[in-house]
Each structure stands twice: as structure tokens, then as C-alpha cells.
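Okay, structure first, notes after.
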Amino acid sequence: MRKAELIVFTDLDGTLLDHETYSHAAAAPALQRLRDRGIPVILASSKTAAEIAALRAEIGLSAYPAIVENGAGILPAHADSAGAAPDYARIRAALDRVPPELRRHFTGFGDMTDAGVAHSTGLPLDQARLARQRSYSEPGEWAGSDTERAAFEKCLADEGITARYGGRYLTLSLGGTKADRMDEIAAAYGNPPRIALGDAPNDLEMLLAADMPVLIRNPHAKPLPPLPEKQAGRILKSTKTGPSGWNEMIHSLLSKAQSRQIGA
Ligand SMILES: [Mg+2]
């Protein structure tokens, strides 16, 4: 891949996509400006490769890889799916070896039907079907106590599996994070300065791994947790929400970068 002058990593829901309508239309001018300058835009989400591939094509970003399943894997450029999924098979096999008295408290997407995932997530049925096509991680509902969860996680850790509890889902993976994937992808483009955009606490890892972190305003999202002043002071904040905020902030950062170049 050729060296880029900048690279953009972005969350989808509430960031590049409108919280209510899921439209990215308001970000079109900024996306075009990035395209004209050959700046890669990397989608980063908890969604699966199957969910991201169609969206990535629609936004016109299929030339770039995407970070899927919360950093557990990468969807290569131009691919429709992540291909064979040995990570997922390994996680499911490890689940089969957890003692039944602990295992029964965990209901993974692989234990549910498409309709079950639709019911659990609130996704429409066709999207729930794509959300079940997993390659790198297994989210599930946890119905046991915290003590039982610690024992369950210990059994899986012994098999090299990492568990992350987001309050709603307990997600099992072989351990990659969004920040790890950012390093990997940025390296492939010659490690240019990184812009990262997100709207919620689950984007914090990505924001902190960027040179120019941008928080997109979302009145529906929880605020970021308190951060050390040095970190908090670095985070730029949009005034507009969703794709309008995305558009606003990318234009402003590109103009700043340009005037720096002219001044140099
Ligand atoms: Mg979001």
C-alpha cells in the first residue's frame, strides 16, 4: 500500500451514521475531500465483516480494510467477508469444554437463532442474520452471578480466550483490540498521523490511540469517563451531531493541516 499523508479511523453508529436514520449523507463533502487527497478512511465497529462489507461498499470505502468485531479482526480491502473463521471455531470449541454448571449461564449468538439475536439486540431479522455470521468473537448474554462469571472467564482464559463485559454482552475473543488493529493498519500505510472519530465510551480506546481524537456530539450516548487532564485536553469536540459533526470536524482538521503545509 502506498504511504498516506493522514489516516482516518471512524466509528459508525452515532458518528459517521446518524443516530436515528443511519444516513451518512451529511458527511459526503468531507468524504469526497478525503477521497480526492487519497486519505484512507477505516471503518471500525463492533459489527461483523458481513455487516460492514455492504455498508463499506455503499459509502465508497471498499478500497480500504475495516476493523470488525470490536478489533477482534480485520476485513481486508475489497473482500465481502472475512473468509474462513478459525478464531470463532476455536472459541465455540472452548465453550464446549466449560463445565455445564457455568456454561448454562452464557447464551452466545451461536446458541441463538437469527430470531433470537434479533430479539436480543433489537436488530431487524436480516441484519441479525449478518450479525450471527461471526469470524473472530462471540458475544452473549450472561445470566449468572459475578462470581460465576469470574469462574467462567477463568476457564476460558486457560484456553487463551479473552472476555470483555460491556454490561449488556459478554464478548469472547482471542484478544485483539481496536487500538491493536489501528497500529497494524496504520503501519501498512507508512504510519501517517491518525485522526479517530467516535461518539461514546466504547470508542475511548480508539480515540486515545489517535494523534487527533475527535468526539462527535451525541446527546443519546453516555459521556466519556473522567480522563487525566492531558488526555482529556487532546480530544476535539464537534458542535454538530453524527455525520454533520463528522463533516464539520474533518473539514476543519484538513484545513488546519493544509495551512500548516503552506506555512512550512
Ligand atoms: Mg457509536
How many residues does region 1-47 hold that are within 16 Å of the ligand (Cβ to nearest atom) and in a loop (DSSP other than H, G, I, E, B)?
15
Could we say that Ala143 is surrounded by fewer than 18 Cβ atoms within 10 Å (Cβ to Cβ) and touching a His at 6+ places or on another chain (Cβ under 6 Å) here?
yes
Only residues that are more than 16 Å from the ligand (Cβ to nearest atom) and either charged (D, E, K, R) or more than 20 Å from Met249 (Cα to Cα) (or both): list them for region 183-207, please.
Asp183, Glu184, Ile185, Ala186, Ala187, Ala188, Tyr189, Gly190, Asn191, Arg194
Looking at (1) more than 22 Å from the chain's Cα centre (by Cα); (2) surrounded by fewer than 12 Cβ atoms within 10 Å (Cβ to Cβ), which one does Pro124 not meet, given that it meets all the others?
(1)
Lone qualifier among Glu138, Glu101 - being of a type in the set (Asp, Glu) and either farther than 26 Å from Ala54 by Cα or in a loop (DSSP other than H, G, I, E, B) (or both):
Glu101
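Please report, ordered by residue number, the strands (runs of 3 or more DSSP E) entirely within region 146-223 with at least 3 residues that are touching a Leu at 6+ places or on another chain (Cβ under 7 Å). Please lay out each step first, then the result.
Details: elements: 162-165, 170-173, 194-198, 212-217.
Passing ranges, in order: 194-198, 212-217.
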Extreme residue, farthest from Met182 (Cα to Cα), among residues of region 222-240 that are within 16 Å of the ligand (Cβ to nearest atom) and either touching a strand residue (DSSP E or B) at 6+ places or on another chain (Cβ under 9 Å) or open to solvent by 90 Å² or more (accessible area, probe 1.4 Å) (or both):
Lys240
Single unsatisfied condition, Ile74 versus (1) within 16 Å of the ligand (Cβ to nearest atom); (2) modelled with pLDDT under 95:
(1)
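The values are calculated or read from the model by the stated rules, or taken from the named source; none is laboratory data. Since the model is a prediction, treat every value here as computed from it, not as a measurement. Positions of Cβ are backbone-derived with ideal geometry, glycine not excepted, and every protein chain shown enters the neighbour counts. Calculation scope for accessible area: heavy atoms of the full protein, side chains included, ligands and nucleic acids excluded. Shrake-Rupley method; radii C 1.70, N 1.55, O 1.52, S 1.80 Å.
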